[in-house]
Amino acid sequence: MHRASLTAIADEEGTDKGTVSPVGLAITGHNYTDVYDAYLNGLRDRPIALLEIGLGVSGPAWKAELATGRNAQGGASMRMWYRYLSKARIFGIDVNPAGFLDNDRTATAVVDQGDPDRLREFVAETGVERFDVIIDDGSHRPDHQQVSFSVLFPHLAPGGLYFIEDLADNGLGDGRVDRYSADHVVNTRRLLRAFSEGGEFPEPNALLEPATLASAIDSISFYCPPVSGERPRGLRALLGRRPPTVRFLGGQEALCVIRKAAEAG
Ligand SMILES: C[S@@+](CC[C@H](N)C(=O)[O-])C[C@H]1O[C@@H](n2cnc3c(N)ncnc32)[C@H](O)[C@@H]1O
């Protein structure tokens with residue numbers, strides 16, 4: 001039976017995880033889907049629980065530039081996971097409401113990923129014992145990434161996978177003064193790189209209970225998906241200002257996956 005590839009589904013639905021822009025010239029695809037497929041292909045027909053942070057939906061709390069073009073309503077990655085994973089339960093959280101995405105296997109909730117209490121409350125509301133896959137594609141702020149990781153990694157199944165996107169672009173943190181910045185903590189790529197090389201999390205960071213997290217990590221892998229094109233000129237117009245100090249993806253660790261130890265609780 002022929003099945004659409006994850007990249008084909010991503011490109012049809014309009015998420016930037018694939019290879020083409022959802023919105024014409026302004027934003028290119030990140031080329032993450034081959035990496036995701038390498039990890040998740042064997043789970044396509046398994047009844048797993050997947051959680052994604054950040055749905056690409058516009059609303060009062062955040063204007064999502066991705067919610068346009070083929071992805072006009074937003075929520076493209078939720079639709080992508082629904083099509084790719086035939087039996088999965090798919091959970092999505094965002095600061096904006098996205099109830100229009102809810103269906104027989106998809107459930108969304110309004111959650112600020114930087115608020116640990118709300119994250120814990122959300123997990124309790126789902127009734128899910130352990131998620132198999134968690135993806136952070138939310139605010140990309142280093143402090144938010146680290147708080148979410150702290151709260152959610154303990155709710156990952158042993159051997160489960162925790163992806164964090166856009167480490168080379170947004171999420172860089174240091175020196176940034178836009179909505180993606182949080183200069184009081186080390187950026188998340190450096191945090192994870194230092195841990196994978198030396199076994200310690202550098203400070204200052206926003207991790208909660210770092211020793212517990214450290215003991216539950218099996219491995220951390222970084223990916224530098226190939227660049228599909230030049231950063232288009234349209235980004236300047238879209239953002240209404242000079243593009244931020246973006247270092248584009250080529251040769252940089254843009255996506256990471258943290259695997260939980262098989263024996264971790
Ligand atoms: C890059 S978009 C997600 C794109 C989507 N995952 C896709 O692949 O199509 C980022 C989303 O994160 C949400 N967001 C921003 N700050 C957030 C926060 N503090 N907590 C949760 N979501 C947040 C925004 O509302 C936006 O919808």
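Could you grab the Rg to Rh ratio for region 4-155? Cα atoms only, Kirkwood for Rh. Rg divided by Rh gives 0.94.
Within the assembled protein chains, the solvent-accessible surface assigned to V186 is about 10 Å², based on a 1.4 Å probe. Run the reach check for K63 against lysines, Cα to Cα strictly under 29 Å, same-chain hits fewer than 8 apart removed. What comes back? In chain and number order, the partners are K17. Amide H contacts for S21 (H built 1.01 Å from N in the peptide plane; partners 5 or more residues away or on another chain; cut-off under 5 Å): G29.
Would you tally the net charge around A214, using a Cβ to Cβ cut-off of less than 14 Å, leaving A214 out, and scoring K and R as +1, D and E as -1?
Details: positive: R259, K260; negative: E197, E200, E203, E209, D218.
So the surrounding residues net to -3.
The values are calculated or read from the model by the stated rules, or taken from the named source; none is laboratory data. The shown structure was predicted, so the numbers you read here are calculated from the model rather than taken from an experiment. With ideal geometry, Cβ positions are generated from the backbone for all residues, glycine too; neighbour counts draw on all protein chains shown. All accessible areas refer to the heavy atoms of the entire protein, side chains included, with ligands and DNA or RNA removed. Shrake-Rupley method; radii C 1.70, N 1.55, O 1.52, S 1.80 Å.
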